[in-house]
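See structure below.
The values are calculated or read from the model by the stated rules, or taken from the named source; none is laboratory data. Here the structure is a predicted model, which means the values were calculated and not measured. Please note: Cβ atoms are built from the backbone with ideal geometry, for glycine as well, and neighbour counts cover all protein chains shown. Side chains are part of the model used for accessible areas, which takes the heavy atoms of the whole protein and leaves out ligands, DNA and RNA. Shrake-Rupley method; radii C 1.70, N 1.55, O 1.52, S 1.80 Å.
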Amino acid sequence: MTPNTVEKTPVTLLGLGAMGTALARAWLAAGHPLTVWNRTPARAEALAAEGARVAGSAAGAVAANTLVVVCLLDDASVEEALAGTDLTGRDLVNLTTSTPAQARARAAWARERGARYLDGGIMAVPPMIGVPEAGGYVFYSGSPELFERHRETLGVPAGTTYVGEDAGFAALHDVALLSAMYGMFAGAAHAFALIRKEDIDPGALAPLLADWLVAMAPAVHQTADHLRSGDYTRGVVSSLAMQVAGTPTFLDTAEQQGVSPELLSPYFELMRRRLAEGSGEEDLTGVIDLLVR
Ligand SMILES: NC(=O)c1ccc[n+]([C@@H]2O[C@H](COP(=O)([O-])OP(=O)(O)OC[C@H]3O[C@@H](n4cnc5c(N)ncnc54)[C@H](OP(=O)(O)O)[C@@H]3O)[C@@H](O)[C@H]2O)c1
């Protein structure tokens with residue numbers, strides 16, 4: 001048998017929202033037999049025309065294949081959709097966004113019902129699904145055997161990054177990265193606000209901003225080195241003392257531009273508190289210790 005004639009793993013997919021539909025199309029395009037179910041049946045019609053088998057119920061869809069992928073709105077909808085299905089012997093992969101605690105509870109719930117469980121956190125938007133060059137991927141955590149068994153099939157819609165046996169770790173990585181993203185967006189919002197009333201084209205600022213953020217992003221590697229070594233002064237080039245001394249410039253500029261400092265001030269306050277603890281030789285790593293309760 002040549003690789004071209006090897007049967008592709010059949011997949012059951014519950015949930016045909018924006019993300020589920022994109023996942024479905026990627027598996028269909030790659031030749032995987034696909035059974036789909038959606039609460040609102042009309043959403044499955046286009047996929048039926050593209051070759052998907054449409055199950056009349058969630059129970060029927062789950063019964064169709066060993067590999068069952070779920071991509072629903074939230075954890076409560078997973079509970080509702082899977083109630084009354086027989087998960088015995090199923091390989092359940094839950095790509096629904098959830099908290100780490102929900103993912104751990106869902107893993108235990110699945111085990112009690114005789115299923116193996118993998119949780120996923122999707123780091124992509126639907127147009128990135130099935131487009132490898134778009135760079136989207138999914139964090140997976142939970143059963144390592146399950147991940148290995150289905151690595152190839154799961155890798156069809158997007159890249160795969162396994163982050164550990166703790167079922168909550170995929171959600172935790174997902175939320176960690178998205179939280180950092182919101183911090184970045186908050187900073188960009190402040191930057192645009194500063195120029196808002198000036199004769200400066202936002203379209204001219206945007207590429208400068210994007211390049212600057214990319215140039216600064218590798219600083220996270222030094223943060224990781226500090227946290228691992230416990231030495232927060234290693235390789236510091238911009239001391240906390242210097243940076244705190246600079247904060248009035250930022251706050252005064254915001255005031256002069258008529259911009260609220262509400263996005264910047266909480267971070268500056270943490271920097272000041274860390275400096276007050278006598279950590280002027282560090283850079284910004286010590287702020288993390290102030291956040292962890
Ligand atoms: N879209 C994105 O950019 C994106 C990116 C990363 C991760 N995600 C995650 O992917 C998951 C799905 O997102 P989406 O964009 O596909 O959302 P969506 O377009 O709003 O679709 C939600 C899906 O959940 C179903 N659903 C909701 N409540 C239900 C219930 N009680 N019982 C059964 N089915 C229920 C909906 O069915 P009906 O059609 O019947 O309403 C629909 O299939 C979410 O957890 C989301 O956080 C999405």
The percentage of the accessible area of the chain (probe 1.4 Å, all protein chains present) made up of carbon and sulfur atoms, to the nearest whole number, is 59 percent
Given charges at beta-carbon only (K, R positive; D, E negative), |dipole| of the chain in Debye:
840 debye
Suppose a student asked you for the relative contact order of the range 75-201, using Cα pairs under 8 Å spaced at least 6 residues apart; what percent would you report?
23 percent
Amide H contacts under 5 Å for residue 158, restricted to residues at least 5 apart in sequence or on another chain and with H modeled in the peptide plane, are 130
Given a 1.4 Å probe, the accessible area of the chain per residue, as a whole number of Å², is 54 Å²
For the chain, longest principal axis from Cα atoms; helix 144-154 axis from its Cα atoms; angle between them, nearest 10 degrees, is 80 degrees
So what J values fall out for the range 135-142 if you push phi through Karplus, 6.51 cos²θ - 1.76 cosθ + 1.60 with θ = phi - 60°, rounded to Hz, Gly and Pro as x?
x, x, 8, 10, 6, 10, 8, x
From the phi angles alone, apply the Karplus equation (6.51, -1.76, 1.60; θ = phi - 60°) to the range 217-222 and give each ³J(HN,Hα) in whole Hz, x where the residue is Gly or Pro.
4, x, 4, 5, 5, 5
How high is the relative contact order of the range 1-100, in percent, counting Cα pairs under 8 Å that sit 6 or more residues apart?
28 percent
How much FRET efficiency would the formula 1/(1 + (r/R0)^6) give for residue 80 and residue 199, where r is the Cβ-Cβ distance and R0 is 51 Å, rounded to 0.05?
0.40
Scan around residue 123 for amide H atoms under 5 Å from its own, H built in the peptide plane at 1.01 Å from N, and keep only partners 5 or more places away or cross-chain.
137, 138, 139
DSSP-defined antiparallel bridges as percent of all bridges, the chain, nearest 5
20 percent
Taking the chain and counting helices only, DSSP H stretches of n ≥ 4 at -39,500 (n - 2.57) each over all residues, the nearest-500 ellipticity at 222 nm comes to -15500 deg cm²/dmol
Cut-off 20 Å, label 7 Å out along Cα→Cβ of residue 133, residues of the range 140-164 by amide N
156-160
What is the distance, in nm, between label points placed 7 Å from the Cα along the Cα-to-Cβ direction at residue 30 and at residue 145?
2.3 nm
Between the Cα axis of helix 169-195 and the main Cα principal axis of the chain, the angle (0 to 90°, nearest 10) is 40 degrees
Tell me the relative contact order for the chain as a rounded percent, counting alpha carbon contacts under 8 Å between residues six or more apart.
12 percent
In the range 98-182, what trypsin sites (Lys or Arg not before Pro) fall in a loop by DSSP, with at most 16 other Cβ atoms inside 10 Å?
113
Which angle between 0 and 90 degrees, to the nearest 10, do you get for helix 265-276 versus the longest principal axis of the chain when only C-alpha atoms count?
60 degrees
Under 5 Å, built H, 5+ apart or other chain: amide partners of residue 70
14, 93, 94, 95
